[in-house]
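Structure, as structure tokens:
The values are calculated or read from the model by the stated rules, or taken from the named source; none is laboratory data. Just so we're clear, the structure is a prediction, and the values are computed from it rather than from any experiment. Backbone-built Cβ (ideal geometry, glycine too); neighbour counts: all protein chains shown. Heads up: the accessible areas ignore ligands, DNA and RNA and are worked out on the full protein's heavy atoms, side chains in. Shrake-Rupley method; radii C 1.70, N 1.55, O 1.52, S 1.80 Å.
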Amino acid sequence: EIGLIASLVATMLGTAIAFALGRYRFRARSATNLLIFMPMATPEVVMGSSLLTLFLMMGVPAGRTAVTIAHIMFCISFVVVAVKARVATLDPRLEEAAADLGANPFQTFLRVTFPLAAPGIFAGALLAFSLSFDDYIITNFNASPSSITFPMYVWGAAQRGAPVQVNVIGTLMFLIALFV
């Protein structure tokens, strides 16, 4: 559940950021690019502990909400990179042609830009889900003792021997990745 929520929110925010960085020139563009790549280069232990510190200072209790926010913050960078790569390859003449044919900006986005960017958005969403679904370190720092995510369950169960559910989920994830 946390993986789905985190990947959906990260996909929406990351797509908006990628379009802004790929299409528009603004004053803090290079600083924004640097800040987007920082979470990807930061070790997860540093990211998890710094997010824990941030949440403690802001008064956000450890648990489901903190883990969801942490996963969203972690996954946005990966979505931005995937979508920005796709946006960079889009031909602006297609949008200009749609405008010449009488489409307003919303229609142009909905009927031309979005379908062309959809593979990058879908790739970013899948990457965000797989990263969120698999993340143990950031989750361990920000989860309360009562909130158990799948990676934490697998780690705890591995102490006693891997249960059958782990093999089932692993097989399903492999098959989904293979056929999608």
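The table below lists the values:
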quantity: Complete set of residues in region 105-148 that are in contact (Cβ under 8 Å) with a residue 24 or more places away in the chain, open to solvent by 30 Å² or more (accessible area, probe 1.4 Å) and either in contact with an Asp or Glu (Cβ under 7 Å, 6 or more places away or on another chain) or not hydrophobic (A, V, I, L, M, F, W, C) (or both); calculated: P119, S130, I137, N140, S146
quantity: Filter result (among the aromatic types (F, W, Y) and either more than 30 Å from P151 (Cα to Cα) or at pLDDT below 90 (or both)) within region 59-99; calculated: F74
quantity: Pick from region 83-114, criterion of a type in the set (S, T, Y) and not in a loop (DSSP other than H, G, I, E, B), ranking: nearest to A20 (Cα to Cα); calculated: T113
quantity: Region 66-91 residues that are open to solvent by less than 10 Å² (accessible area, probe 1.4 Å), paired with ones that are not in a helix (DSSP H, G or I) (beta carbon under 7 Å, 6 or more apart); calculated: A66/V60; V67/A143; V67/S147; V67/T149; H71/D135
